[in-house]
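Structure first, commentary second.
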Amino acid sequence: MFDPTDKPRIFGVAPGIDFPKALWDGVLSRMQGHPPEALARVQIIVNTQRMARRLRQIADSGPATLMPRIDLLTSLGRDIAHRDIPRAVHPLRRRFELIQLISRLLDQQPDLAARSSLFDLADSLAGLMDEMSGEGVSPDVIEALDISDQSGHWERAQAFFGIARTFLDTADQAPDSETRQRLIVERLAEDWAANPPQHPVILAGSTGSRGTTMLLMEAVAKLPQGALVLPGYDFDMPQRVWSALGDALTAEDHPQYRFRKIVDTLDLQPADITPWTEELAPCPARNELISLALRPAPVTDQWRREGPNLRGLDQATEQMTLIEAPSMRDEALAIAMRLRQAAEDGQTAALITPDRMLTRQVTAALDRWDILPDDSAGTPLQLSPPGRFLRHVAALFHRPLTSEALLTLLKHPLTHSGADRNHHLRYTRELELHLRRKGITFPEASYLRQWASTIDGAVAWGEWLAAAFCDQESIGTAPVGDRLAHHLTLAETLSRGSRIDAGSGGLWEEKAGREAIKIVAELQENAGHAGDVDASDYADLFGAVLARGEVRDRDAPHPHILIWGTLEARVQGADLTILGGLNEGSWPESPSPDPWLNRKMRHDAGLLLPERRIGLSAHDFQQAVGAKEVWLTRSIRSDDAETVPSRWINRLVNLLDGLQDQGGQAALADMRARGAHWLDRAKALETVQPVPAAKRPSPRPPLSARPNRLSVTEIKKLIRDPYAIYARHCLRLRPMDPLMRTPDALLRGIVIHEVLEVFIKDVSADRSKLTPEHLLEISETVLAQNVPWPTARALWKARIERIADRFVSDEIFRQDRGKPIGFETRAETAISALGFTLVGAADRIDRKENGDLVLYDYKTGTPPSPAEQRYFDKQLLLEAAMAEKGGFDQIDPAEVAEAIYIGLSNNPKNVLAPLAEMPTAQVWAEFEQLISRYLDAEQGFTSRRALRKDTDRSDYDQLARFGEWDVTEEATPEELT
């Protein structure tokens, strides 16, 4: 197949060429003149299953021929000659073993890291061990590093390296996958050196970014019929530029750095790399332009020397489009529109980006045209229905059951998916309404059973509900295997539902379910190595393992609309290539922080620098941008800040902008114009027919629909926001009760009212209990009964402690003035002429020795000022008027001497109602006038008529479409029938 040579054979394929197709064409051309069976003796080694599958597809589409042997780098260990190398330890087992050791270390030194990071620490340390094995770096090298100028962080890291050394020293007996792969490659290199195979061996598609791969490439290149085929090799780069790529610290982020390292390892020169085929790149002029744009930073001065020699910039950029979108949404929509156009035209189009947020937005935009792209990354298993379900179930073991957690699981599509799901959904709806209405935060088993007994046909469902969901919290530690078994049993119970003959429901069905059970099986196989963990650590561990899986459906997506990661772009070909998310931090991605070694220590140890990922991304960019038709897209702003263009976009734009005489500026303007055209189309798609803004409403319902009964607390709302009264009483709309009762101001007021009511009753019976200590004793009891939130309970208790002395001293004065005769006493007074009734309840009523009444109202917030009471907040004034009219139950009418707000805020103060300025007769007369006005057909219920502040919120603002109008606008009456 290859002519004899005394040098290693290295071939290259230029950027933009469909690499798998070029590889296959090159093999066939070199087999011309050989018998058909010779092709079957060719061995091709590729680095991904996707590459192997693509080669077979290309072969199947061509003329009939025998197939060469196609191997993966990771499958070389199946050879009989290497059976004495132990099988690789499962990655989960290694991480579980590390978790045990790290957990013990954190028990001894809790300040090293948070326990919630157990799996992340184990995963990161295992990754470092893999890298050390792959690069052939021993623990001795790490320990010998010069750390004289490093911080104390190194001393903490050494504790973890001691754990890693335990595994690395025994790697030959129990190797991880990376160590085993290196052992295989080393053994293979030894065998080939002694007995080189005589058949052709081609290693294709690798860049030598890992030490083990580089070792194999070196061994293959030295075989009699061995060859390397490099993807995306830059034939346009001159020798002086290759010379600048020698230092990893300054050049590893260059796309061609790895190829320079390969030729150095094989004692060759870049000129020794020859084209694999005679096929030209789709646009050689563009490759030359990109090559110059991506020159290493130390030699970018070559732009001035070589730039003027560039020709054909219009041809190089003719099929290039540059989109600089205002936002990621605009970018995604423009991309989606172009992909839709490609689908209609029968083109194969691929979006290439590492930005998963962008791919999700593009996928969502394509959904409007019923186009599902073929996403190579699939859906993370943890976000699939089984993944979410299993994580929710795991949370039951380490958190108290709340109404929110209960209903989240009850509404999940996999819950009760075995049988009778229609009944399950009906019962769930009834339960939700009940929990909202009653404000149950932490439902208990007995309560749920009792409730279910009141619902027709729900007794068995209620028994399943109480048994499966309640009392699942687990205290202490237990083996991971036991926790996993209990987790799966409970998950299947919830999925099956209340019918015991329904199997495991739909939990393990469909592609996501099958992928989930595969991950679970791996967990079960390796759980024995994880030791004992508590419920919280188990949930974190399970979620982290689940996050490593993904779900793909190869049948549903559109066959020609593709989404690839940057790695997939190396082995595929498309008519249209869209490089999206070209912003710094997205593409290239920012290097992940290394918790173990800094950049210099990595370089000194011979490990990979953080810039390696940037260099690989740069190579992927250079290879993809050479395609036939290319889009380059970025968003100018992210959700919260302005973005920075990718360094490659910056270089390309700056280079073109500086080549005015060669037409660079005109070419750049054309690229942007094509992008602006698609952005305009996207904007036009989103443009909607303007809808006139709503007017400030002031509905006039029929008299028969207007309220004829209000409470005293609603009169303030009738004055300030009449629309709220209309919505509540005329439309009968109520804000939905929250699912989770929270420690809000309303509950705080209810609790403090109860504390004071109990205290005053005790004091009325026994004056000796009028002490701050007794008040605090009552508050502890009431808070424990009504406030299940420890933080809120502590804060509210502290508030009562702050006001206790002041309240008791004031209460002594109040007790001397009069005797309490009513608590939460209900009142009702009718206006017969209007057919209207006012109702209410006074917090407390005292009677003085002369028979006069004193009304008190407790305010946990700031009491209203006399001016506010005069015009808006008339609660106490109206209660005083009702008391003098005999409206309170079992309290004879009497003159009201005083009505007082008792402030209970952090700065307590008492505020009197202005009865002297506004006698009760005047208050009632004005009230009758107010009600008669709103019982007039011409009076509208204006929205936000006189709220205290423009920022005050009303429960019915959305209904009134507040925001489309403001309070400066005149109300628009509307007659209703």
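What follows is calculated from the coordinates using simple rules that are stated; it is not laboratory data. This one's a predicted model, so the numbers in the text were calculated from it and none came from an experiment. Every residue, glycine among them, receives a Cβ derived from its backbone with ideal geometry; neighbour counts consider all protein chains shown.
Side notes on the structure shown:
- Assigned charges on the beta-carbon of Lys, Arg, Asp, Glu; the chain dipole about Cα centre (debye): 1200 debye
- The order of Thr213, Thr972, Thr454, going from fewest to most other C-beta atoms within 10 Å of their C-beta, is Thr454, Thr972, Thr213.
- Cβ crowding within 10 Å, taken as a proxy for footprinting-reagent exposure, orders Cys730, Cys283 from fewest neighbours to most as Cys730, Cys283.
- Dipole orientation for the chain: of the candidates Asn287, Pro790, Trp24, Trp24 has the Cα lying most toward the positive pole (charges on Cβ; Lys, Arg +1; Asp, Glu -1).
- Estimated dipole of region 203-284 in Debye, rounded to 20 [Cβ of Lys and Arg +1, of Asp and Glu -1, Cα centre]: 200 debye
- When the Cα positions of Ser446, Gln623, Pro743 are compared along the charge dipole of the chain, Ser446 comes out farthest toward the positive end, with charges on each C-beta of Lys, Arg, Asp and Glu.
- For region 453-498, the square roots a ≥ b ≥ c of the C-alpha gyration tensor eigenvalues yield an a/c of 1.5 or more together with a/b not exceeding b/c, which makes the shape oblate.
- Calculated FRET efficiency for the pair Ala114/Asn598, C-beta based, R₀ 22 Å, to 0.05: 0.50
- Per-residue Karplus couplings for region 4-10, computed as 6.51 cos²θ - 1.76 cosθ + 1.60 with θ equal to phi - 60°, are listed in order as x, 7, 8, 10, x, 9, 10 Hz, Gly and Pro entered as x.
- Fraction of beta bridges assigned by DSSP in the chain that are antiparallel (%, nearest 5): 35 percent
- Extension gain for Ser29-His423 works out to 135.1 nm (0.36 nm per residue, less the C-alpha to C-alpha distance).
- Annotation for region 358-446: GluC sites (Glu not before Pro) lying in DSSP loop with at most 16 further Cβ atoms inside 10 Å of their Cβ are Glu444.
- With neighbour counts taken as other beta-carbon atoms within 10 Å, the residues Trp587, Trp789, Trp796, Trp596 rank, fewest first, as Trp789, Trp596, Trp796, Trp587.
- With respect to the chain, whose longest principal axis is taken over its alpha-carbon atoms, helix 772-786 is tilted by about 50°.
- Crossing angle, helix 284-293 versus the chain [Cα axis fit, 0-90 degrees, rounded to tens]: 70 degrees
- Rounded, prolate or oblate (a/c below 1.5 giving rounded, otherwise prolate when a/b exceeds b/c) for region 381-551 by Cα gyration tensor: prolate
- GluC sites (Glu not before Pro) within region 889-977: DSSP coil, no more than 12 neighbouring Cβ in 10 Å: Glu917, Glu938, Glu969, Glu970
- Only helical runs count toward this figure. For the chain, summing -39,500 (n - 2.57) over DSSP H runs of n ≥ 4 and dividing by all residues gives -14500 deg cm²/dmol at 222 nm.
- Global form of the chain, assessed from the alpha-carbon gyration tensor, a/c cut-off 1.5: prolate
- The distance separating the Cα centre of region 635-713 from that of region 853-870 comes to 49 Å.
- Packing-based ranking of 845-858, 771-784 yields 845-858, 771-784, ordered from highest to lowest mean Cβ neighbour count within 10 Å.
- Over 18 Å apart at the Cα level, from the set Lys819/Lys859; Lys7/Lys222; Lys21/Lys222; Lys716/Lys859; Lys717/Lys874, are Lys819/Lys859; Lys21/Lys222.
- Helix axis angle, 510-526 relative to the chain longest principal axis, alpha carbon, degrees: 80 degrees
- Toward the positive end of the charge dipole of the chain, with +1 on the Cβ of Lys and Arg and -1 on the Cβ of Asp and Glu, the farthest Cα among Ser832, Leu668, Tyr856 is that of Ser832.
- Cut-off 16 Å (backbone N to label point 7 Å along Cα→Cβ of Ser768), residues of region 812-827: none
- Each of the peptides 305-317, 337-349, 493-505 was scored by the mean count of other Cβ atoms within 10 Å over its residues; in descending order, highest first, they stand as 493-505, 337-349, 305-317.
- With R₀ set to 45 Å, the beta-carbon distance separating Asn195 from Leu249 gives a calculated FRET efficiency near 0.65.
- Stretched out straight at 0.36 nm per residue, the stretch from Ile821 to Ala641 would grow longer than its current Cα-Cα span by 58.5 nm.
- Rounded FRET efficiency, nearest 0.05, which uses the C-beta distance separating Asp60 from Ala38 and R0 of 22 Å: 0.65
- With the simple spin-label model, which puts each label point 7 Å out from Cα in the Cβ direction, the Arg399 to Arg304 separation comes to 6.2 nm.
- Computed from point charges on the beta carbon alone (+1 for Lys and Arg, -1 for Asp and Glu), the dipole magnitude for region 741-934 about its Cα centre is near 500 Debye.
- The separation of region 945-977 from region 438-459, counted between C-alpha centres, amounts to 40 Å.
- For region 528-606 versus region 803-819, the spacing of their alpha-carbon centroids is 67 Å.
- Multiplying the residue separation of Asp680 and Gln524 by 0.36 nm and subtracting their alpha-carbon distance yields 50.7 nm.
- Residues whose amide H lies under 5 Å from that of Arg709, counting only those 5 or more places away or on a different chain, are Thr837; hydrogens are built 1.01 Å from N in the peptide plane.
- Each of the peptides 86-99, 243-256, 699-712, 737-750 was scored by the mean count of other Cβ atoms within 10 Å over its residues; in descending order, highest first, they stand as 86-99, 243-256, 699-712, 737-750.
- Among the listed pairs Lys695/Lys885; Lys761/Lys797; Lys695/Lys909; Lys885/Lys909; Lys511/Lys628; Lys683/Lys949, those beyond 31 Å (Cα-Cα): Lys695/Lys885; Lys695/Lys909; Lys511/Lys628; Lys683/Lys949
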